[in-house]
Every structure is written in C-alpha cells, then in structure tokens.
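The values are calculated or read from the model by the stated rules, or taken from the named source; none is laboratory data. Only a predicted model underlies this, so the values are computations on that prediction, with no experimental measurement involved. Here Cβ is always computed from backbone atoms with ideal geometry, including for glycine, and neighbour counts include all displayed protein chains. Heavy atoms of the whole protein, side chains included, go into the accessibility calculation; ligands, DNA and RNA do not. Shrake-Rupley method; radii C 1.70, N 1.55, O 1.52, S 1.80 Å.
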Amino acid sequence: MSNEEIAQMFLDIADFLEIENVQWEPRAYRKAALTISSLPVDIKQIYEEGKLMDLEGIGSSISKSIEEYIKTGRMSKYDSLSKKYPLDLRAFRKIQGMGPKRAYALYKKLGIRSINDLKSALESGKIRKLEGFGEKSEMQLKHNLESFMKVKEERKMLGYVIDYFEALAREMRKNGPFFSVEIAGSTRRMKETVGDLDILATSDKPQKGMEFFTGMKQVKEIIVKGDTKTSVKLDIGINCDLRIVENGSFGAAMQYFTGNKDHNVKLRKIAISKGLKLNEYGLFKGSTSIAGATEEKVYETLGLKWIEPELRENTGEIEAARKGTLPKIVKYEEILGDLHVHTKDSDGANSLEEMVAAAEGFGHKFIAITNHSKGLRIANGLDEKRFSVFNNKIDKLNEKSNIKILKGVELEILKDGSVDLSAGVLKNMDFVIGAMHQNTNMPRKELTNRLIRAIESGLINTVAHPTGRKIGERAPFDLDYESIFEACKKNDVLLEIDGFPERSDLPFDMVKLAKVYGIRFSLGSDAHRDMQLRFIRMAGAIARRGWLEKRDVVNTMDYKDIQRLKR
Ligand code: DGT
Ligand code: CA
Ligand code: CA
C-alpha cells in the first residue's frame, strides 16, 4: 500500500472535478492528498486503528474511498472519472500552464493525452491555431515542457544505492582483470543524490576488463562499449560509466572524474596560470607529464594541499587548500553513535531490544532512542505515562547492554512554539530533539517565532531536521534561517543533520553557513527500522560536506558528555 498512490489518485480526482466545473470538492481532495502524502506512517495502519477521520481534511466520503481502496485495490469514483477523461493529468499538472481545464481543451480539440502527444503537437505548430491559445502561449508551453523534461531526468538518493555501488566495485576488484577499481564522480563526493555511477579502473587487459564489466549480472543494458570507456544501464535503473586508464594517469583521472565540474575548471585555470596543462591524463609541461599517477601529486604540483572529495564543490576549498587553511573535517570513524532512532513503541518497525542489538552490531558506542511524543498522534506518539514506563525499560536494558542507550524523545513543537510534554518528564530524558511536523505552512514570521520560542524554552537539545524538506516531495520551511541560527547559538541549542535520504536535512550548504555562527551539530539516522541505522553515514557525509570538524559534532563525544549537554 502506498500513501503516495492514494494521494496521486485524489489529485487526479480533484483535476477531473475541476474539468467538470464542480465547486469546492477539488479543494477538499487536494487537501486530503496533501495530508496523506505527508504521513509518516502507512495509511493502512491508520485505517486499521480506525483513525482515518482524525486526519486533517479527511471526512466521511473521502475516508470511504480510502477504505474501498485498501480493501479492494480499487476506487470506484476514480475509476469512472479516469475512464471519462483518459489523459495523463499526473504529468500535465507538473507543467506550468497545463491546468486541468487547458489539458482537457487540448484533449478535446487535438486528442492530446500524453506528454509525447503534447510534444508533437507543439512541434507541428498546431496549438497556436487553436482558439484561446495563440503563438505566445504555444511558446510558453514549449518552454515549460522543456523545464519539466529536465526535472524528470532521474537522480537516485545515494543513501539507498551506496551499498549496492560498493558491492559492485568490490565484485570487480575480486573477480575482474583489474589492478585497481575505484568509485569517482558524485558518489565519491558523497552528494545526497547522484545522476550516475562513475567507476575508474586500471588494467593491462582493458578489453577483457570491459567484457567482464558488461557481463556482470547487475548490467541490464549496454549503451556504449569501447576499450577505454563503457556505459551501461544497471538493473536498479541508473547508468554506470566505467573508464579504464593507464597506471600513470590514474590519479589525474580520479581527480578529473571526481569533479565537480566547477572545481575542475578552477584547477585547470590554476594549471594554465603556471604554464601547465591539466586533463584526465595528467598534468603536463609541454608534452611531458609531470604528475598523474596520484591525486596528491597533481594537487601538490599545482601548489595545493590534497582536498577531501566531499569538499570539492568549488565553495572556497581551492583557496583554502592554497593557503593551508582547509578544515580538518570530521572522520566517519569519529562518529561514535546515533542521536535519532525510533522503535515500534512509536512509529518504528523494530523493538527497543532489536534496535539496540543492531546498533551494537553497527559498532556504535551509544544510541539515543527518540520516539515521537503524544502531539504526533498519527505516529503513535507517547504521552508522559508511556514514556515513564518506556524509560524504565531503557534503564533496565542499560544494566546489561554493551552500548549506552540514551533516553530521548522527538518532541512536537506546537503551533505556538510550546512543546507537547511537561518539563517534569523531560528532566528525566538524556537527549531531547524538537521538531515541527504539523501546521508548518504558516507565514515566515510566525513560523520563525514559533521555532525560536522552542529554542529559547530551555527544553530541547537540538532542532531535528530543521528545514523539513523532503527531496522531490516537500520544499524547505519558509523560515528566517539567520535568526534561527542566532537563536541556536545564543541558547546553546544544536542543529540536527538528519541522514535519512529523503530528508538529508540540514542540507550541506546550510551546515556550512550555520557553522559560521558557532553552532554545534547532532547527527541522526532517523532510523525507523534496524537496516536504516546505516543512514548515519549519510549524516556524516553531510557534516563533512558542510566543513564540520570533530569538535563541531557532538556524536564524537563520550555519551556522558552528551548527557551533560542537557540544560
Ligand atoms: P552526477 O552524475 O550528476 O551525480 O554528477 P557527477 O559529478 O558525477 O557528474 P558526471 O557523472 O557527469 O561527471 C563526472 C565528473 O567528470 C564530474 O564531476 C566532473 C567531470 N566532468 C564531466 N564533465 C566535465 C566537463 O565538461 N568539464 C570538466 N572539467 N569536467 C567534467
Ligand atoms: Ca556521475
Ligand atoms: Ca558519468
């Protein structure tokens, strides 16, 4: 069962009804769609608990449709309307200027049902001749369609695919005819989303190497195959470029194909200013290669310190490398534990014992269990009483556990900036994170004041996923971030870096900004099941990409020092 599918069906129904000139109902369906797509749990669970009607914007007729869909896999209202209007409204509504009524007009007059139909109609100049369209609106539509096609080009969230990528590279190292195999590109830079996977290898049998690669079970389709470069489509729906280079060029190639492009352009300019030439084969004086086997040598010859891949975004790292002022960014192995973890006591999938065992297996020294509090009803948030029972359980488990379990909570920051648990129960917690999950589309000023009030309350340690963004789903909160950072600094409140792939929040560029204010950060996987504990690595990647050093990240401290952060 997918919340997103039901939300999309409701958006379709809203569009159908708008075509039919129905008043009000389209708005109700859109509101319900919004509620459902932002649920943190499976809607089926809410249905089974009989709580559908508790959700914002879900009345009896909409809840009946949801019930019908859960029970039968069909929704009759949707079925009959979609039969009547067989157009791809899901695609059209992402194109500016293609509202449901215009889409329907184009369907009636020109039979346009799909993006492809729209594309060919635009190319043939048919649309400008229609009444109510004209040349100008045809041009606009063309432009908007192009922007849509660009966004559609799919990227993957690295947190979900990095293990697969690394397994692929390992298999090549182990069984392929290569001397070395390394991952480059945006994956090496640990960017939150990646467009494709770039792999570099050295080999004295490049042809055999390419044979091996294209024959791997993960390869679904060969796009181009050559001796030095091969591109394939992998079975997880992403492309992979493999380049095989000479040993003497490996460092230069690693540098070039790690990027990013702007970083490379600037390096090349530095080379030129020194009378040298830099490309993927090496650093050249005339036709002689003076560096190329290792990255370190390439940077050094350009008068720069070697730069960690995560920093290579051309945001000042090259200047810092020249001056010797690069930060000593936090190491992955310095991150000793996870400060944002759920169990099935709120909306997670595993028990406390299971999560603790998994965290131990993961090598953590501590974890904070931060279940939701009562204000988030759809996530089965705990009230004071349930927390006190649950925390007793943690105390008992701590006596026999090999790792330390911090008693935590992910509090609701309510509309007025107050929090939803009493100070009394919070006093018994070790780590309190506060978040805004509901009613977040308030005007900027109000939303900012709401969060600042919570920061000033003295009740929270850290602001969880501060921007609330979800990649490809939800825009960041409209907040005055500078005021938030100032308030955090003044009140000694941390900002969280949430490593859950869709969240990746704070984003790395904002981390870099916030660090300037002197704020410290807490890292969390936001795991809702044991496997998701691995996302702490992605939080670490964002910290590194945000130029954070060991002292900026509280997860590098002993658990006792984290407990002392409490105010
Ligand atoms: P992605 O795949 O969109 O997530 O991002 P990247 O950075 O992996 O980009 P990709 O795969 O197109 O190219 C890999 C690297 O190759 C890129 O980071 C820098 C280098 N590169 C690609 N195109 C150019 C270019 O036109 N000029 C320069 N100097 N470098 C380039
Ligand atoms: Ca790439
Ligand atoms: Ca590539």
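Some points to look at:
- Cα pair count fraction exceeding 44 Å, expressed as % - the chain: 29 percent
- The helix-only estimate of mean residue ellipticity at 222 nm for the chain, built from DSSP H runs of length n ≥ 4 each weighted as -39500 (n - 2.57), is -13000 deg cm²/dmol after division by the residue total.
- When the stretch 320-389 is described by a simple charge dipole with +1 on each Lys and Arg Cβ and -1 on each Asp and Glu Cβ, the residue from M355, I369, I329 located farthest towards its positive end is I329.
- Furthest towards positive pole of dipole, H342, L411, P501, structure part the chain, Cβ charges: P501
- Most to least accessible of D526, D227 (protein chains only, probe 1.4 Å): D227, D526
- Taking all Cα pairs closer than 8 Å and separated by 6 or more residues, the relative contact order of the stretch 25-141 comes to 14 percent.
- Ranked order, L130, L141 - accessible area, probe 1.4 Å, largest first: L130, L141
- In this calculation the C-beta distance from Q23 to D558 is compared with R0 = 56 Å, giving a FRET efficiency of 0.35.
- Across E360, E549, E296, the residue with the most accessible area heads the list, and the full order at a 1.4 Å probe is E296, E360, E549.
- Note on the chain: antiparallel DSSP beta bridges, both residues inside, total approximately 45 percent of the bridges counted.
- Charge dipole of the chain about the Cα centre (unit charges at C-beta), most positive-ward option of L197, N247, N175: N247
- Rounded to the nearest 10 Å², the accessible area of L326 at probe 1.4 Å: 50 Å²
- Listed by chain and number, the aspartates and glutamates whose C-alpha is less than 13 Å from the C-alpha of K126, apart from same-chain residues fewer than 8 away, are D117, E135, E138.
- Computed magnitude of the charge dipole of the stretch 3-151 (debye, nearest 20; Cβ of K, R +1, Cβ of D, E -1): 700 debye
- Counting charges near Y299 (Lys, Arg +1; Asp, Glu -1) among other residues having Cβ under 14 Å from its Cβ returns a value of +2.
- Charge dipole (Cα centre; +1 on Lys/Arg Cβ, -1 on Asp/Glu Cβ; no other charges) of the chain amounts to roughly 1200 debye.
- In straight-distance terms, cross-link reach from K404 covers every one of the aspartates and glutamates whose alpha-carbon lies under 17 Å from its own, apart from those fewer than eight places away in the same chain; here that gives E334, D338, E353, E354, E360, D395, D430, D530, D558, D561.
- Solvent-accessible area of F213 with every protein chain in place, 1.4 Å probe, in Å² to the nearest 10: 0 Å²
- Given charges at beta-carbon only (K, R positive; D, E negative), |dipole| of the stretch 259-323 in Debye: 420 debye
- Solvent-accessible surface (1.4 angstrom probe) belonging to E300, in square angstrom, nearest 10: 120 Å²
- Square roots of 5 times each gyration tensor eigenvalue, C-alpha, the stretch 259-323, largest first, Å: 19, 11, 11
- Shown in residue order for the stretch 295-306 are the 3J(HN,Hα) couplings computed by the Karplus curve 6.51 cos²θ - 1.76 cosθ + 1.60 at θ = phi - 60°: 4, 3, 5, 4, 5, 4, 5, 8, x, 10, 6, 4 Hz (x for Gly and Pro).
- For the stretch 156-244, the relative contact order comes to 25 percent (Cα pairs under 8 Å, sequence separation of at least 6).
- Square roots of 5 times each gyration tensor eigenvalue, C-alpha, the stretch 373-436, largest first, Å: 23, 11, 10
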